[in-house]
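Structure first, commentary second.
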Amino acid sequence: MLSEKDVAAFIADGYIAVRGAMPAEVARACHDVIWSEIEKHGVRRDDRSTWTSPVVRVSCPEGGPFVDAGTARPLQEACDQLLGPGRWWRRQGVGGTIPVRFPSEEDPGDAGWHLDGGYAGPDGSRRTNVRARGGGLLALFLFSDVDDDSAPTRLRRGSHRDVARILAPAGDEGLEQDEAMWQRIDQASAHRPTVLATGRAGDVYLCHQLLVHAASWPHRGQVPRVMAQPSVVLLGEYRLPGLPVASSSPAEQAIQGCLTEVPP
Ligand SMILES: O=C(O)CCC(=O)C(=O)O
């Protein structure tokens, strides 16, 4: 269970690290299966000469140890606490993509500040609204140990509030995820401190869906960084505004104070 202090930190900072969210042996078993997927891309685990690209992306496999990872009790309890029991999809697995980052000095080309999640608008464009339609939390599942040197994800602490202020006036439709939106979000949150999502295999960071984050480079560690980054999906959306704070979830409370108005 998250403590009251953890929940308060999530509301203020927009993320919380759930240390040991899944057992180390589950993280190891997932890591092995992920390697069998990476090897399909011609990259061999035991041959560093094949580690030629700074990043290789694979879809997170399903079944087996991924069910144990995604349904680990500390993780489910934390999601209940942050989103509300019965309000999110209890996925029998992890999901999302896994950007595996290899030791390299090369710019991977995918390290810009952004948000994950969003939804497909009527014209097929990808959009994000303040109610986090299509998402709820961004989860970072660490399947390898991640230190400062091994390309940890960068998080802008408190940036979920900057994003909520940008998205709220755009109402239910929200904004299209285009270059202009990424620039606005980057500029509005540039003053926020950067935190590195480091930890041990088995840790999971639970982030507010509107938290601004980015990959990092170079990777000067010894071993590839292996992390999945699915959304924990709400059955519905953030309920904003108009709810008394006492009945809203911490994910909702985290941005409620930033909204003067959310057009329907
Ligand atoms: O690899 C990372 O550290 C983060 C990548 C990311 O945020 C993304 O692909 O959306």
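The residue that is surrounded by the fewest Cβ atoms within 10 Å (Cβ to Cβ), counting only those in the range 26-65 that are in contact with a helix residue (DSSP H, G or I) (Cβ under 6 Å, 6 or more places away or on another chain) and in a helix (DSSP H, G or I), is A29. Only one of these is more than 16 Å from the ligand (Cβ to nearest atom), part of a loop (DSSP other than H, G, I, E, B) and either buried (at least 22 other Cβ atoms within 10 Å of the Cβ) or in contact (Cβ under 8 Å) with a residue 24 or more places away in the chain (or both): E252, E237. Name it. None of the other options fit; the residue is E237. Only one of the listed residues (R154, R90) is at pLDDT 95 or above, of a type in the set (K, R), surrounded by fewer than 20 Cβ atoms within 10 Å (Cβ to Cβ) and within 16 Å of the ligand (Cβ to nearest atom). That residue is R154. Does the range 124-138 contain at least one residue that is among the hydroxyl-bearing types (S, T, Y) and buried (at least 22 other Cβ atoms within 10 Å of the Cβ)? Yes, some residue in the range 124-138 is among the hydroxyl-bearing types (S, T, Y) and buried (at least 22 other Cβ atoms within 10 Å of the Cβ). Scanning the range 102-138 for residues that are out of contact with any Phe, Trp or Tyr (no Cβ under 7 Å at 6 or more places or on another chain) and closer than 17 Å to W89 by Cβ yields D116, G117, G118, Y119, G135, L137, L138. Looking at S36 and the list (1) under 17 Å from T97 (Cα atoms); (2) away from the ligand (no atom under 16 Å from the Cβ); (3) within 21 Å of the chain's Cα centre (by Cα), which single condition is not satisfied? Only one criterion is unmet by S36, namely (3). The sole residue among V204, V146, V195 that is within 13 Å of the ligand (Cβ to nearest atom), aliphatic (A, V, I, L, M), surrounded by 24 or more Cβ atoms within 10 Å (Cβ to Cβ) and within 30 Å of M22 (Cα to Cα) is V146. Among the residues of the range 66-78, those identified as within 15 Å of the chain's Cα centre (by Cα) and surrounded by 23 or more Cβ atoms within 10 Å (Cβ to Cβ) are G70, A78.
Looking only at residues in the range 93-120 that are farther than 19 Å from D149 by Cβ and of a type in the set (V, I, T), which one is farthest from the ligand (Cβ to nearest atom)? Here the residue is V94.
The values are calculated or read from the model by the stated rules, or taken from the named source; none is laboratory data. Everything numeric here is computed off the predicted structure, so don't read it as measured data. Cβ sites come from the backbone with ideal geometry, for glycine too, and all protein chains shown count toward neighbours.
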